[in-house]
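Every number here is computed from the coordinates shown, using simple stated rules; none is lab data. All values derive from a computational prediction rather than experimental measurement. Here Cβ is always computed from backbone atoms with ideal geometry, including for glycine, and neighbour counts include all displayed protein chains.
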Amino acid sequence: MKLKRIGILTGGGDCPGLNAVIRSIAKPAMSYYNATVIGILDGYEGLVEGRHRELTPSDVLGIINQGGTILGTSNKGDPFHFPMGERNNIRIVDASQQVVDHYRNLKLDALVTIGGDGTQIIAHKLAEMGLNVMGVPKTIDNDLEATEVTFGHDSARAVATEAIDRLQTTASAHHRVMVMETMGRYAGWIALGSGLAGGADIILIPEIPFSWDAIFEAVLKRSKGAKFSIVCVAEGAKPSGGEVSVREFDKKRTDPVRLGGIGELVAKRIEDETGLETRVTVLGHVQRGGSPTPFDRILATRFGTVALQAMSNGEFDVMTSLRQNTVITVPLIDAIGRQRLIPPDSQLIFAAKAVGTCLGD
Ligand code: F6P
């Protein structure tokens, strides 16, 4: 297929590696296919509102190591659930026809949608409306079922691991309990990965609802030996029989739930119940910022180059995916709406328990 004009957008929360994908599509598209690459600004929001700019070779020079996205992104621009109006007077409308109109006006042959599950669900709906879409999966959460790993995750896990290393020295100096809350939504990949790598004593993940008593027992035991404890808790973790901690509901988003607060709750309960001095660190968006790791740069580049090759073969309504260390494409319909959680028989869980980590069960 002749690819003359390619649109690219980055949707949802940013993560390290987005610029590496943009570069790996734009560079060969411009140099080998002589194509025009249109950067859509601020995700689907820009496509609804008609905000875009043509990328030049210099736009994609030296960006493989840059975090964020040169195109901007938004998690409030779902064209099928589009917020219009001001602060206290928000109406949700279907603006999908505007997207189709802008795609046609821009004379795009294809649209690359770099984003997580929400972005790819929208991409598939747009494919059903006749657009040639190509999905590229990203998220620090690593919770997309159709790919063994998403880029961005390794970088976030590295940040969280370094944070545990730093917390450990101060925890040890003051004989304290340090609770660290990671992101990850309903999946515990960041918490379990960084907790394992950083040697956390207790790791709480959404996949294993925890018992308060198991936590109290573990920190009390540690207080008699090592005299400090590191508790790594995923934002989606919850006590057995309890609910997740919600920070905010934002109706402008397709998924209005913003998780957060479990770290503070765990720290407070530990201090109240055991009398051990406890501090809490909420890592937050630090996990999404900064330079991608080499793993993420390489995976992002592989995803981008395979996406371009597949588009040139006329393959659309698909998403790139890593399977057994090979990047392939899978139909979007098979990839979306399925969360990849940590399975109970995961070797990560086995390894954590084998080295004496308390998982709260
Ligand atoms: O999906 C990525 C993620 O960073 C989650 O881990 C987190 O729950 C959420 O996005 C935070 O979203 P926001 O940037 O809107 O606060």
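Tabulated results
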quantity: Helix runs (DSSP H) in the chain reaching 15 Å along axis by Cα, Kyte-Doolittle at least 0.0; calculated: 18-31, 294-312
quantity: Segments 174-185, 240-251 sorted - mean Cβ within 10 Å per residue, highest first; calculated: 174-185, 240-251
quantity: Inter-label distance, nm, simple model (7 Å from Cα along the C-beta direction), His285/Lys252; calculated: 1.3 nm
quantity: Normalised contact order of the range 86-141, rounded percent, pairs of Cα under 8 Å and 6 or more residues apart; calculated: 36 percent
quantity: CD proxy at 222 nm, helix term only [per DSSP H run n ≥ 4: -39500 (n - 2.57); per residue of the chain; nearest 500]; calculated: -11000 deg cm²/dmol
quantity: Order by protection proxy (mean Cβ within 10 Å, highest first), peptides 96-104, 188-196, 260-268, 349-357; calculated: 188-196, 260-268, 96-104, 349-357
quantity: Relative packing of peptides 30-40, 272-282, 127-137 - highest average C-beta neighbours within 10 Å first; calculated: 127-137, 30-40, 272-282
quantity: The chain - percent relative contact order, Cα under 8 Å, separation 6 or more; calculated: 22 percent
quantity: Two-site label geometry, Asp334 and His175: point separation in nm, points 7 Å out along Cα→Cβ; calculated: 5.8 nm
quantity: Stretch gain in nm, segment Lys227-Arg87, where the contour uses 0.36 nm per residue and the Cα spacing is subtracted; calculated: 45.5 nm
